[in-house]
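The values are calculated or read from the model by the stated rules, or taken from the named source; none is laboratory data. From a predicted model like this one, the values you see are computed outputs, not experimental measurements. Virtual Cβ from ideal backbone geometry, glycine too; neighbours counted across all protein chains shown.
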Amino acid sequence: VRPSGSLLGFPMARVHIAAAAWGFLAGLAGALHPRPEFNASDKQRSYLAYSRWLVHESDYAIVSTRRGKDEAFGSVVSVADGNNYEHSTGLIYSYLSAESTTYKDLMEDDRVTLTFSEKALAGGQSLGKAGGCANTTAMDPPCGRLTFSGRLMKVPQHRLAEAKEFLFSTHPVMKGWGEAETFVPFWLAPESVTELFLINAYGFARRPELSGYFDAPWRGPPSELPTVSSTPRLLHPRPPASDLASFARWLVHESD
């Protein structure tokens with residue numbers, strides 16, 4: 001596939017297919033905390049509050065790693081930023097297999113982008129009166145998306161207990177993963193983050209200052225949630241995972 005652009009500063013020489021991309025079709029189920037309201041008198045804090053909310057409500061993110069001199073690779077990674085649904089720190093933890101392609105890429109170059117999409121929350125039906133994804137597509141600016149640029153690194157020893165607590169609380173299935181192969185906690189080291197890139201409204205992309213991220217509120221005030229009218233899209237039957245070509249075609253077609 002000849003790319004028309006680049007990712008992470010490198011031309012994309014190939015399109016990689018990862019079975020983990022199945023996660024793209026499974027958004028976070030259940031109720032969401034209210035989306036923070038926009039305050040025109042303090043725009044920077046509003047952008048950071050939205051960023052904190054989107055990170056906490058997300059079940060996964062897309063990590064893009066560098067590979068060699070001319071390739072980039074994107075994959076789904078499950079994330080956690082607190083030890084339960086009512087707790088948020090803003091720190092981004094993940095749990096990677098030492099056998100995974102992403103892990104091997106990070107051992108060579110830990111610079112990444114980590115992208116979150118509001119469309120992935122509750123099937124795109126984001127709750128709260130300011131929800132931006134109802135009855136639209138993920139590229140529509142009010143349907144927010146957030147990209148961190150930084151380094152995805154192994155969690156330092158003094159943070160390991162916290163990382164596992166957050167990850168296992170958010171994703172209980174992870175507790176058994178280490179029985180089959182080696183899994184290692186990673187985090188987006190706060191001091192390594194060079195940029196936040198946010199689009200959640202019409203107009204220009206926002207690059208909020210990093211300094212206030214951890215102090216920003218991570219949820220909006222309680223409110224009566226609106227009823228969203230939409231018809232869920234039905235999926236065609238999923239081909240067997242062993243039929244790689246058919247599975248790839250199906251996943252591309254069914255993805256929103």
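Taking the condition over 17 Å from His171 (Cα atoms), small (Gly, Ala, Ser), in contact (Cβ under 8 Å) with a residue 24 or more places away in the chain and in a helix (DSSP H, G or I), does Ala72 pass?
The answer is no for Ala72.
Pick from Lys69, Lys164: which is over 23 Å from Pro217 (Cβ atoms), surrounded by fewer than 17 Cβ atoms within 10 Å (Cβ to Cβ) and not hydroxyl-bearing (Ser, Thr, Tyr)?
Selected residue: Lys69, the only one of Lys69, Lys164 that is over 23 Å from Pro217 (Cβ atoms), surrounded by fewer than 17 Cβ atoms within 10 Å (Cβ to Cβ) and not hydroxyl-bearing (Ser, Thr, Tyr).
Could you identify the single residue in Thr147, Thr136 that is assigned to a loop (DSSP other than H, G, I, E, B) and either on the phi > 0 side of the Ramachandran plot or among the polar types (S, T, N, Q) (or both)?
Thr136
Note down all Cβ pairs under 8 Å where the first residue falls in the range 177-202 and is β-branched (Val, Ile, Thr), the second is at pLDDT below 95 and part of a helix (DSSP H, G or I), and they're at least six residues apart or on different chains.
Cβ pairs passing all conditions: Val193/Leu210.
Please determine whether any residue of the range 56-65 is modelled with pLDDT under 85 and either farther than 28 Å from Pro208 by Cα or of a type in the set (Phe, Trp, Tyr) (or both).
no
For the range 105-127, how many residues meet the condition of being crowded, with 22+ Cβ neighbours inside 10 Å, modelled with pLDDT of 95 or more, over 11 Å from the mean Cα position of the chain (by Cα) and outside any helix (DSSP H, G or I)?
Total satisfying the criteria: 1.
Would you mind stating whether Thr102 is more than 22 Å from Lys175 (Cβ to Cβ), buried (at least 16 other Cβ atoms within 10 Å of the Cβ), polar (S, T, N, Q) and in contact (Cβ under 8 Å) with a residue 12 or more places away in the chain?
no
Please state which one of Arg206, Arg219 is touching a Phe, Trp or Tyr at 6+ places or on another chain (Cβ under 7 Å), more than 18 Å from Ser97 (Cα to Cα), modelled with pLDDT of 90 or more and of a type in the set (D, E, K, R).
Arg206
Every residue, every condition in (1) more than 20 Å from Val63 (Cα to Cα); (2) aromatic (Phe, Trp, Tyr); (3) surrounded by fewer than 17 Cβ atoms within 10 Å (Cβ to Cβ), yes or no:
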position	(1), (2), (3)
Gly132	yes, no, no
Arg151	no, no, no
His171	no, no, no
Phe186	no, yes, no
Glu191	no, no, yes
Glu195	no, no, yes
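Any chance the range 22-41 includes a residue that's in contact with a helix residue (DSSP H, G or I) (Cβ under 9 Å, 6 or more places away or on another chain), modelled with pLDDT of 90 or more and under 18 Å from Cys143 (Cβ atoms)?
No, the range 22-41 contains no residue that is in contact with a helix residue (DSSP H, G or I) (Cβ under 9 Å, 6 or more places away or on another chain), modelled with pLDDT of 90 or more and under 18 Å from Cys143 (Cβ atoms).
Sort out which residues of the range 141-179 are in contact with a Lys or Arg (Cβ under 7 Å, 6 or more places away or on another chain) and at pLDDT below 95, and write them in order of number.
If the condition is that a residue be in contact with a Lys or Arg (Cβ under 7 Å, 6 or more places away or on another chain) and at pLDDT below 95, then Cys143 is the only one that fits.
Among Phe166, Phe186, which is the only one that is of a type outside the set (S, T, N, Q) and part of a helix (DSSP H, G or I)?
When all the criteria are applied, what remains is Phe166.
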